[in-house]
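Have a look at the structure below before the remarks.
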Amino acid sequence: MFTPGLQASAIGRMATLVVHALRAAGHEVTIVRSEQETLMRQAPHDFGGEVLAWTDQARVGAVIGSADSVIYQVGDNYEFHVGCLEWLERAPGIVCLHDFFLGHLFWAWAQRHPARAEAVLKAWYGDTVATGYFGHPDSGAFIAATADTAPMTEWIGAMALGVVTHSNWGAQRLCRSCPGPVQVMPLPYNAPAGGAQVSTADQRNFRVLTVGHVNPNKRVASVIRAIGNSTELRDHAVYRLVGHVQTETVVSLSSLARNHQVNLVISDELDNAALITAIDQADVVTCLRWPSLEAASASAIEAMLYGKPVIVTDVHFYSELPDDCVLKIDPDDEVASLQRALEQLYHSPELRRQLGARAREWANATFRADRYADCLIVMAQDTSRVRPALAAVEQFTQTLSRWGATSSLLEEPHTRDALRLFAITPAQ
């Protein structure tokens with residue numbers, strides 16, 4: 001299994017749970033860390049067994065040669081997943097896809113492979129998209145321009161023998177691009193402290209928490225405005241941010257909070273014990289995303305596992321959460337909708353308790369590593385049947401190409417339909 005190993009990676013934490021579940025079921029697992037070399041100097045999660053570096057070509061190659069299945073944990077962060085990209089083409093396997101938007105991953109990869117990147121863009125999205133893909137002034141503009149037209153989901157899907165992902169909203173692109181099975185499974189996650197009850201240390205304040213890298217799509221500014229627009233919330237709410245935050249973001253958010261008379265506390269990144277305490281002390285956790293790009297949200301799942309009332313944006317993965325376990329915000333009426341939700345939770349401790357209890361019960365039954373491990377074993381069996389079929393298709397298309405067939409001919413229905421002989425159906 002290729003995965004980020006450093007402890008700052010939520011994907012690495014998820015992978016740890018799956019690895020232990022696989023071993024508990026009697027399977028042998030070797031971990032290959034996929035981060036950039038400088039990040040591999042950091043201490044890893046406790047995988048409970050041998051951990052290799054993806055740069056150790058000989059040992060990794062030997063392990064792959066003896067493995068029944070190769071699994072890649074892939075998200076939209078090149079620094080964390082470079083090793084996955086380096087090995088996926090050489091040793092195709094199952095991809096556990098954590099983000100449906102992979103533009104940042106692709107952009108960084110493309111800096112080293114410009115000609116191949118241009119070919120990928122043209123093949124999946126056309127010449128017009130390829131021409132303008134790299135010309136955006138900043139990350140926000142890049143996401144806005146490419147999230148719908150060229151999310152690069154197909155790029156990874158086409159390299160995989162099969163894909164496991166964690167919500168349904170982006171799966172159609174995977175079904176179109178991946179030659180093997182595509183399966184949606186809930187993301188396994190845990191609450192290390194067991195889901196403690198809300199702290200009663202300070203009942204004077206209404207404590208609102210946002211966890212994770214503080215960037216515009218977390219909608220922190222909207223939370224500040226929602227609190228500032230309410231006299232009651234302004235007087236009683238303490239809004240805390242926990243996660244990496246850039247200096248310029250601290251300055252802009254602090255200024256916005258002062259202008260709206262909001263008590264904002266910015267804590268930056270915390271160690272695990274301090275993070276657990278921060279979640280424990282929160283009265284409500286906001287997990288807003290707009291645009292929403294991920295297949296699932298570890299921070300939302302963790303807050304639910306801790307029995308916290310959670311506010312989410314009613315879009316994509318978050319829309320798939322049960323309506324009686326979270327409060328959902330209309331992205332087209334964000335600030336006003338958020339203000340109503342926060343005021344409702346502020347006025348009703350009982351609603352907070354009930355919402356958190358339902359969330360915890362459902363999350364504990366849903367986001368399970370043992371079920372995810374079972375899914376991977378079934379996928380491994382199914383994808384073992386994909387490889388020979390792909391080899392046959394490759395042989396036929398290469399033969400046609402040698403005979404002078406162009407890509408347009410290979411796309412003709414009479415050619416494409418003939419190759420359906422090699423279509424893969426899941427094992428019964």
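Based on alpha-carbon positions alone, could you give the equivalent ellipsoid semi-axes of the range 2-184 from the gyration tensor, as √(5λ), descending, whole Å?
Taking √(5λ) for each eigenvalue gives 28, 18, 15 Å, largest first.
In a shell of Cβ-Cβ distance under 15 Å around Ala21, excluding Ala21 itself, what net charge do Lys and Arg (+1) and Asp and Glu (-1) give?
Its environment carries a net charge of 0.
Compute the signed sum of charges (Lys and Arg +1, Asp and Glu -1) over the other residues within less than 15 Å, Cβ to Cβ, of Ala119.
After counting each charged neighbour, the total is -1.
Using Cα pairs under 8 angstrom and six or more residues apart, how large is the relative contact order of the chain, in percent?
14 percent
Any idea what diffusion coefficient the range 272-329 gets from Stokes-Einstein, in µm²/s, Kirkwood Rh on alpha carbon pairs, 25 °C, 0.890 mPa s?
The diffusion coefficient I find is 211 µm²/s.
How big is D for the chain, in µm² s⁻¹ as a whole number, if Stokes-Einstein is applied with the Kirkwood radius of its Cα pairs at 20 °C and 1.002 mPa s?
93 µm²/s
Would you mind getting me the FRET efficiency between Thr128 and Arg176? Use the beta-carbon distance for r and R0 = 22 Å, nearest 0.05.
Numbers: r = 20 Å, r/R0 = 0.89.
Taking R0 as 22 Å, the efficiency between Thr128 and Arg176 is 0.65.
Please report Rg over Rh for the range 291-428, where both radii come from the alpha carbon positions and Rh follows the Kirkwood definition.
Values: Rg = 24.1 Å, Rh = 19.3 Å.
Dividing the radius of gyration by the Kirkwood radius yields 1.25.
When the helices in the chain are scored as -39500 (n - 2.57) per DSSP H run of 4 or longer and the sum is shared across all residues, what 222 nm value do you end up with, to the nearest 500 deg cm²/dmol?
Mean residue ellipticity, 222 nm, calculated: -14000 deg cm²/dmol.
Determine Rg/Rh for the range 206-366; Rg is computed over alpha-carbon atoms and Rh is the Kirkwood hydrodynamic estimate from the same atoms.
0.93
With a cut-off of 8 Å between alpha carbons and a minimum separation of six or more residues, what is the relative contact order of the range 267-319 in percent?
Relative CO of the range 267-319 lands at 39 percent.
Using a simple spin-label model with points 7 Å from Cα along the Cα→Cβ vector, what separation in nm is obtained for His213 and Arg402?
For the pair His213/Arg402, the computed spacing is 4.6 nm.
Return the FRET efficiency for the residue pair Arg41, His414: r is the Cβ-Cβ distance, R0 is 56 Å, and the value is rounded to the nearest 0.05.
According to the calculation, E is roughly 0.50.
Over the alpha-carbon set of the range 214-296, work out the extent along each principal axis and list the three values in angstrom, largest first.
Principal extents (Cα only, largest first): 33, 28, 24 Å.
Just name one of Ala357, Gln281, Val315: the one whose Cα is farthest towards the positive end of the charge dipole of the range 265-363 (beta-carbon charges, Lys/Arg +1, Asp/Glu -1).
With unit charges placed on the Cβ atoms, the residue in question is Ala357.
So, counting K/R as plus one and D/E as minus one, what does the shell of residues with Cβ under 15 Å around Val214 add up to?
Local charge sum for Val214: +1.
Laboratory data are not the source of any read-out in this text; all were calculated from the coordinates shown. Bear in mind that the values here come from a model prediction, so they are computed numbers and not experimental data. Cβ sites come from the backbone with ideal geometry, for glycine too, and all protein chains shown count toward neighbours.
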